[in-house]
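S.K.: Pasting in a structure now, in structure tokens, and then I'll have a few things to ask.
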Amino acid sequence: MFSFRRKPSIPKPDNALPGRPHAIRTADTHFIHGTALKGPYADGAEIALFGLGCFWGAERKFWQIPGVTVTAVGYAGGHTPNATYDEVYSGRTGHTEAVLVVFDPKQVTYETLLKTFWESHDPTQGMRQGNDVGTQYRSAIYYTSEDQRRTAQASKTAYDAALKAKGLSPITTEIEPAPEFYFAEAHHQQYLAKNPEGYCGLGGTGVTCPIGTGVDT
């Protein structure tokens, strides 16, 4: 007997879970940096938002970058307000697991974050990352400015060409304006710092992303 699983798809707004009007409880401070998870953030700081599979391992990739002052995991790109992890996992919210990245542009460029994003996962897989299957694992870049949009699109074009040269499939990453970001539950924040042996299914393609990593002066 063969088992056929329906291809994951984002639910229509009318079919999504209703959620709730109030935010769910999360951590107050970053477990590693000690900074306020929800801000206020430092003057001049910028925000980036990415989805690249299971957010435990994805967040760790970014908090290790010098110049990144805050990271947080949560849910974005769907329909359900203030969703919980279980609701997102059900596939009935439309959200992807996302990482909020607060960074100092004088110390690290958005291009550097994009390079980390592209090389840390496989952006060709649609609604999955490896054995993690579902709409919540889809690849996404949510930009917070027009400059970010242009830079993200240019990096996608460059990386798409690099992947094609290696015989890999086209990129499926969505690039959209940053939607509402809903902070995940406290125990998910900086999970792999608290649980060093915890699960991380993140894996890249092994293809280098040909974009710059310098800091503008």
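S.K.: Kindly rank 189-196, 72-79 from highest to lowest mean number of other beta carbons found within 10 Å of each residue.
M.R.: The most tightly packed comes first, giving 72-79, 189-196.
S.K.: Excluding PHE183 itself, what net charge comes from residues whose Cβ is under 15 Å from its Cβ, given Lys and Arg +1 and Asp and Glu -1?
M.R.: -3
S.K.: Once the piece of chain linking ALA158 and GLN107 is laid out straight, how much longer is it, given 0.36 nm per residue of separation minus the C-alpha distance between them?
M.R.: Working it through step by step, the gained length comes to 16.0 nm.
S.K.: Another question, then. Run the helix sum for the chain: -39,500 (n - 2.57) per DSSP H stretch of 4+ residues, divided by residue count, reported at 222 nm to the nearest 500 deg cm²/dmol.
M.R.: Helix contribution divided over all residues of the chain: -6500 deg cm²/dmol.
S.K.: If you don't mind, another one. What's the extension gain from ASN15 to ARG150 if we count 0.36 nm per residue and subtract their Cα-Cα distance?
M.R.: 45.3 nm
S.K.: Something else now. Roughly what would the spin-label model give for VAL207 and GLU119, points 7 Å off Cα along C-beta, in nm?
M.R.: 1.5
S.K.: Oh, and also: May I ask you to sort PHE183, PHE62 by Cβ crowding, counting other Cβ atoms within 10 Å and putting the fewest first?
M.R.: In increasing order of surrounding Cβ atoms, one gets PHE183, PHE62.
S.K.: Please go through the residue pairs LYS7/LYS194; LYS12/LYS115; LYS61/LYS166; LYS7/LYS61; LYS164/LYS194 and name each one whose alpha carbons sit more than 27 Å apart in this structure.
M.R.: Violating the 27 Å Cα-Cα cut-off are LYS7/LYS194; LYS12/LYS115; LYS7/LYS61; LYS164/LYS194.
S.K.: Still on this structure, I have one more. Rank LEU202, ALA48, PRO8 by how far each Cα sits towards the positive end of the charge dipole of the chain (+1 on Lys, Arg Cβ; -1 on Asp, Glu Cβ) and give me just the farthest.
M.R.: Value computed over the given set: PRO8.
S.K.: May I pose another question? Roughly what percent of Cα-Cα pairs across the chain reach past 33 Å?
M.R.: Tail of the P(r) past 33 Å holds 12 percent of the pairs.
S.K.: Can you list the residues, at least 5 places off or on another chain, whose amide H is less than 5 Å from the amide H of THR124, using H built in the peptide plane?
M.R.: Amide H neighbours of THR124, under 5 Å, 5+ apart: THR172.
S.K.: Ok, one more. Provide the gained length on full extension for the span SER169 to ALA193, in nm with one decimal, where the gain is 0.36 nm per separating residue minus the Cα-Cα distance.
M.R.: Taking SER169 through ALA193 to full extension adds about 5.3 nm, to one decimal.
S.K.: Here is a further query. With charges set only on the Cβ (+1 for Lys and Arg, -1 for Asp and Glu), what does the dipole of the range 17-192 come to about its Cα centre, in debye to the nearest 20?
M.R.: With only Lys, Arg, Asp and Glu charged at Cβ, the dipole is about 280 debye.
S.K.: Return the sequence-ordered ³J(HN,Hα) values of the range 43-55 in whole Hz as given by the Karplus equation 6.51 cos²θ - 1.76 cosθ + 1.60 applied to θ = phi - 60°, using x for Gly and Pro.
M.R.: With coefficients 6.51, -1.76 and 1.60, one gets 4, x, 5, 10, 10, 10, 9, 9, x, 8, x, 3, 6 Hz.
Here, each number is a calculation from the coordinates, and none is a lab measurement. Small disclaimer: the values here were computed from a predicted structure and weren't measured. Every residue, glycine among them, receives a Cβ derived from its backbone with ideal geometry; neighbour counts consider all protein chains shown.
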